[in-house]
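Enquirer: I'd like to ask you about the structure that follows.
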There are 2 protein chains.
Amino acid sequence: MLRISKLTDYGIVLLARFAQEPAGTTLNAREMAETTALPMPVVSKMLKTLAGAELLRSQRGSKGGYSLLRDPADVTVAELLEALEGGVALMDCTAGPGHCDQEERCTVREPWQRINSTVLAALANVTLAELVKPGSAPLIGIESASSAAAQRAE
Amino acid sequence: MLRISKLTDYGIVLLARFAQEPAGTTLNAREMAETTALPMPVVSKMLKTLAGAELLRSQRGSKGGYSLLRDPADVTVAELLEALEGGVALMDCTAGPGHCDQEERCTVREPWQRINSTVLAALANVTLAELVKPGSAPLIGIESASSAAAQRAE
DNA sequence: ATTTACTGGACCGATTCGGTCCCCTATCTT
DNA sequence: AAGATAGGGGACCGAATCGGTCCAGTAAAT
Ligand code: FES
Ligand code: FES
């Protein structure tokens, strides 16, 4: 259904939570679980993943926790998906040659590549900072696109 | 991994196959299986689905088969995904209220809606006809988006 | 009546998803 | 040094989805 996984969403929620704090704030898993009302094991798991992706810095031991490693304005949603879901490829075929055994016959392959690029571009154009601050939404081509779609619908 | 299912892809390949023929051409499941080199049961299943979605007209009996019901230039990729995968909702939460039990707390919900709209718009801007004819690719904002992403990457 | 071909749905193995648990190691506090 | 705290790594599990097959039924042409 063209959906990203719930876990990934949770991961992003967590990251957004960090982005709301002053830069460098350290929060531990328990605190995160409380403020997001998510089950502790899930929070822990996702934080680990995010740390592994070099998005969070982890600090062990008592008084430990996680802190945001990068400027929220520099982290794109595309990157997050990359880190949490291992890449954005609308279909196996899009990921590169060798994934589909009928790449020759297939006439739709190349157009899909372009579509995939478009989607990726859309995701790369939104940053973590923009996820936190509502209001200004500099999403590319959304008006032109939706109006075009509206025209088409007539 | 933000991917559409293989079956869906196959369905689109089949549809594209029809779009290449003169309008109204009737092809049966066996023929489709041959020209696409896909296993017959799969082809059959997807054709049924497509017929159910009112994209193909089905004709039973001997000399029967399927034929394209709509003008390829009027069918958008977004529609296809809608029909084959039951909607485009990046995450459960995006599909509407009541899917996620923390809609209140969640600060990322609304921004995601916009992102979802953007992706949807991108998909709604490509028609079946454009999938078949390569070359001209009027994908929205792809240059502006990729250049914006490039700027960001610096 | 026979043959062709779509229809509807059951069904199955394999993978992924969502989520939990446990043991280990690092660090801070006292 | 001892104890408490907190992350790291990974196994693990049930449930849902995915990819694909199969078959009994029905409509149409000849
Ligand atoms: S390349 Fe895989 S279906 Fe087109
Ligand atoms: S509304 Fe479901 S996670 Fe934000």
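Enquirer: Just to be sure, is B:Ala89 within 16 Å of ligand 2 (Cβ to nearest atom), under 19 Å from the mean Cα position of the chain (by Cα), touching a residue at least 24 places away in the same chain (Cβ under 8 Å) and facing another protein chain (nearest Cβ under 10 Å)?
Expert: Working: within 16 Å of ligand 2 (Cβ to nearest atom): yes; under 19 Å from the mean Cα position of the chain (by Cα): yes; touching a residue at least 24 places away in the same chain (Cβ under 8 Å): yes; facing another protein chain (nearest Cβ under 10 Å): yes.
The answer is yes for B:Ala89.
Enquirer: Take the range A:1-31 and flag every residue that is within 12 Å of chain B (Cβ to nearest Cβ), crowded, with 18+ Cβ neighbours inside 10 Å and assigned to a helix (DSSP H, G or I). Outline the logic, then answer.
Expert: Taking the range A:1-31 as the starting set, the residues that turn out to be within 12 Å of chain B (Cβ to nearest Cβ) are A:1-20.
Now drop any that are not crowded, with 18+ Cβ neighbours inside 10 Å, which leaves A:2-4, A:8-19.
Those that are within 12 Å of chain B (Cβ to nearest Cβ), crowded, with 18+ Cβ neighbours inside 10 Å and assigned to a helix (DSSP H, G or I): A:Thr8, A:Asp9, A:Tyr10, A:Gly11, A:Ile12, A:Val13, A:Leu14, A:Leu15, A:Ala16, A:Arg17, A:Phe18, A:Ala19.
Enquirer: So, in the range A:45-75, exactly how many residues are over 28 Å from A:Leu2 (Cβ atoms), of a type in the set (D, E, K, R) and not in a loop (DSSP other than H, G, I, E, B)?
Expert: 1
Enquirer: Let me confirm something: among A:Arg57, A:Arg17, A:Arg109, which residue is within 30 Å of B:Met32 (Cβ to Cβ) and not hydrophobic (A, V, I, L, M, F, W, C)?
Expert: On the way: A:Arg57 fails: within 30 Å of B:Met32 (Cβ to Cβ); A:Arg17 fails: within 30 Å of B:Met32 (Cβ to Cβ).
Criteria check complete, one pass: A:Arg109.
Enquirer: Moving to a separate point now. Identify the single condition in (1) within 14 Å of another protein chain (Cβ to nearest Cβ); (2) free of Cβ contacts under 8 Å to residues at least 60 places away in the same chain; (3) in a helix (DSSP H, G or I); (4) not polar (S, T, N, Q) that B:Pro41 does not satisfy, given that it satisfies every other one.
Expert: Just one mismatch for B:Pro41, condition (1).
Enquirer: Have a look at A:Ala78, A:Ala129 and point out the one that is closer than 21 Å to B:Ala121 by Cα and either touching a helix residue (DSSP H, G or I) at 6+ places or on another chain (Cβ under 7 Å) or outside any helix (DSSP H, G or I) (or both). Let's see the steps before the verdict.
Expert: Values: A:Ala129 fails: closer than 21 Å to B:Ala121 by Cα.
Among A:Ala78, A:Ala129, only A:Ala78 is closer than 21 Å to B:Ala121 by Cα and either touching a helix residue (DSSP H, G or I) at 6+ places or on another chain (Cβ under 7 Å) or outside any helix (DSSP H, G or I) (or both).
Only the coordinates and a few stated rules stand behind these numbers; no lab work does. If you're wondering where the values come from, they're calculated on a predicted model, not measured in any experiment. Neighbour counts run over all protein chains shown; Cβ positions are idealised from the backbone, glycine included.
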